[in-house]
Amino acid sequence: MLRLTMSSMVTEQIRDAILSGVYPPGMQLNEKLVAESCGVSRGPVREAIQRLLQEGLLISVPHRGVFVPELTEDDLEDIYFTRDAVERAALRRIVHSDARQGLSERLLSIVESMRIAAEQEDWAEVAAQDIRFHSELVNAAGSQRLSRLFATLMAEMGLCLNQLLGVYRGRGRLIEEHEYLANLIASGDAEQLEAAIADHLQEPVETIRNAWEKARQGTVQTTITRAEQS
């Protein structure tokens, strides 16, 4: 039990370091150094790494080691594609249940917290409330497997946090979209709900893809300018 607890604690420490950017994308994890920084033996670190490999927060490269992954536009699109399938599955169960009114009220409370954070331009908190909203939605379906899959997706999305924060700044209707979804759940209108969740999950993919394309163009332009000046 003690070893299990130690492994869980180390897993949480490493996960937080990855999601906060202390261990940035592309960084190689050295088992010995991580153990020293966590103040534990290498055993719990090894177990933590295996858990994080399963979550997608680390990748193993043959003959090279374990790295924090660098997600691409294709990765992000696949994450949202899977999110769409998971959240639609949850909604199909919820919309026909007696729990939808209570869920709608809980979601509207989260929307209000999101609104306050947006007014304060606390985009990290807006992101946290957004994840809380969708996690609450999926968990309301009452499927442990669906919830477990969604938690893994949310962990992977944490790797894109910087890009996602830019999306939050640029989505003026973000609060209204969540409010609309919460009210649709209460109404039980399955057809409109499916269309709304599809639109809601597609927009950030396009926004992030455009942002990354602009960043690439800016890098290319900077390289050209430096070459012309040399």
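The values are calculated or read from the model by the stated rules, or taken from the named source; none is laboratory data. Quick caveat: nothing in here was measured; it's all calculated off a predicted structure. When we count neighbours, we look across all protein chains shown, and the Cβ atoms used for this are built from the backbone with ideal geometry, even at glycine. Note: accessible area is taken over every heavy atom of the protein model, side chains too, but ligands, DNA and RNA are not part of it. Shrake-Rupley method; radii C 1.70, N 1.55, O 1.52, S 1.80 Å.
Filtering the stretch 7-34 to residues that are among the aliphatic types (A, V, I, L, M), closer than 16 Å to Gly56 by Cβ and either open to solvent by less than 50 Å² (accessible area, probe 1.4 Å) or at pLDDT 90 or above (or both) leaves Ile14, Ala17, Ile18, Met27, Leu29. What residue, of Ser104, Ser147, Ser143, Ser113, is within 26 Å of Leu58 (Cβ to Cβ), surrounded by 14 or more Cβ atoms within 10 Å (Cβ to Cβ), of a type in the set (Gly, Ala, Ser) and modelled with pLDDT of 90 or more? Going through Ser104, Ser147, Ser143, Ser113 in turn, the sole match is Ser147. When Thr222 is tested against (1) polar (S, T, N, Q); (2) surrounded by fewer than 17 Cβ atoms within 10 Å (Cβ to Cβ); (3) modelled with pLDDT of 70 or more, exactly one condition is not met: (3).
Consider the stretch 35-59 and keep the residues that are in contact with a helix residue (DSSP H, G or I) (Cβ under 9 Å, 6 or more places away or on another chain), part of a helix (DSSP H, G or I) and closer than 27 Å to Ala127 by Cβ. The one that is modelled with the lowest pLDDT is Glu55. For the condition touching a helix residue (DSSP H, G or I) at 6+ places or on another chain (Cβ under 6 Å) and farther than 17 Å from Ala155 by Cβ, Asp84 qualifies.
Could you tell me whether any residue of the stretch 64-72 is at pLDDT 90 or above and open to solvent by 40 Å² or more (accessible area, probe 1.4 Å)? Yes; the residues of the stretch 64-72 include at least one that is at pLDDT 90 or above and open to solvent by 40 Å² or more (accessible area, probe 1.4 Å).
Looking at Val95, Val61, just one residue is under 21 Å from Ala141 (Cβ atoms) and β-branched (Val, Ile, Thr), and that residue is Val95.
Taking the stretch 73-90 as the range and being open to solvent by 50 Å² or more (accessible area, probe 1.4 Å), under 17 Å from Arg145 (Cα atoms) and touching a residue at least 60 places away in the same chain (Cβ under 8 Å) as the test, only Arg88 passes.
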